């Protein structure tokens with residue numbers, strides 16, 4: 001795990017969280033802060049005390065996830081100046097003790113989860129870097145204090161993000 005990556009994910013989660021819940025998926029490029037300051041010296045004052053060995057996130061405002069996130073991510077390719085990327089998204093989950101047999105139809109399964117009284121709304125922020133680091137953080141709606149994290153929080157999403165850096 002990279003401390004710089006984890007710090008960038010926490011910063012992205014806080015940024016996204018300031019706008020509340022029920023947001024679309026949001027994509028960010030990660031660039032090395034030192035390289036960004038060297039290329040754009042006028043940004044140094046905006047970056048303040050950001051560690052030079054860290055990452056700066058740059059939101060990709062034109063990003064629209066579409067109906068199939070995997071297909072959308074498969075069409076993305078980053079230039080070499082991008083050291084990594086981050087995706088923030090919200091998903092509904094059922095706690096393990098509330099799992100029920102879900103219908104095979106994805107739309108029907110989504111309705112069952114959305115209508116379940118024990119569903120959890122979760123904001124997930126997953127990031128990867130070109131050097132192979134990956135990490136994720138998540139926050140449950142209604143629990144503003146706790147941020148959970150781990151290297152394998154959402155491995156399929158981390159893998160899809162990694163492929164955008166190839």
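Looking only at segment 17-30, filter to residues that are at pLDDT 95 or above and not in a loop (DSSP other than H, G, I, E, B); which one of those is farthest from residue 91 (Cα to Cα)? Of everything passing the filter in segment 17-30, 30 is farthest from residue 91 (Cα to Cα).
Screening residue 147 on (1) out of contact with any helix residue (DSSP H, G or I) (no Cβ under 7 Å at 6 or more places or on another chain); (2) surrounded by fewer than 19 Cβ atoms within 10 Å (Cβ to Cβ); (3) closer than 19 Å to residue 55 by Cβ shows it passes everything except condition (1).
Applying the criterion of being assigned to a loop (DSSP other than H, G, I, E, B) and touching a helix residue (DSSP H, G or I) at 6+ places or on another chain (Cβ under 7 Å) to the residues of segment 116-139, the residue that is modelled with the lowest pLDDT is 118. When the test is whether a residue is in contact with a strand residue (DSSP E or B) (Cβ under 9 Å, 6 or more places away or on another chain) and in a strand (DSSP E or B), residue 113 does not pass it.
Scanning segment 85-98 for residues that are in contact with a helix residue (DSSP H, G or I) (Cβ under 7 Å, 6 or more places away or on another chain) and surrounded by 17 or more Cβ atoms within 10 Å (Cβ to Cβ), which turns out nearest to residue 124 (Cα to Cα)?
88
Does residue 69 meet the test of being surrounded by 15 or more Cβ atoms within 10 Å (Cβ to Cβ) and in contact (Cβ under 8 Å) with a residue 24 or more places away in the chain? Answer is no for this residue. For segment 140-159, the condition of being within 18 Å of residue 22 (Cα to Cα), in contact (Cβ under 8 Å) with a residue 60 or more places away in the chain, part of a strand (DSSP E or B) and in contact with a strand residue (DSSP E or B) (Cβ under 9 Å, 6 or more places away or on another chain) holds for none of the residues.
The values are calculated or read from the model by the stated rules, or taken from the named source; none is laboratory data. The shown structure was predicted, so the numbers you read here are calculated from the model rather than taken from an experiment. FYI the Cβ positions are ideal-geometry reconstructions off the backbone, even for glycines, and counts take in every protein chain you see.
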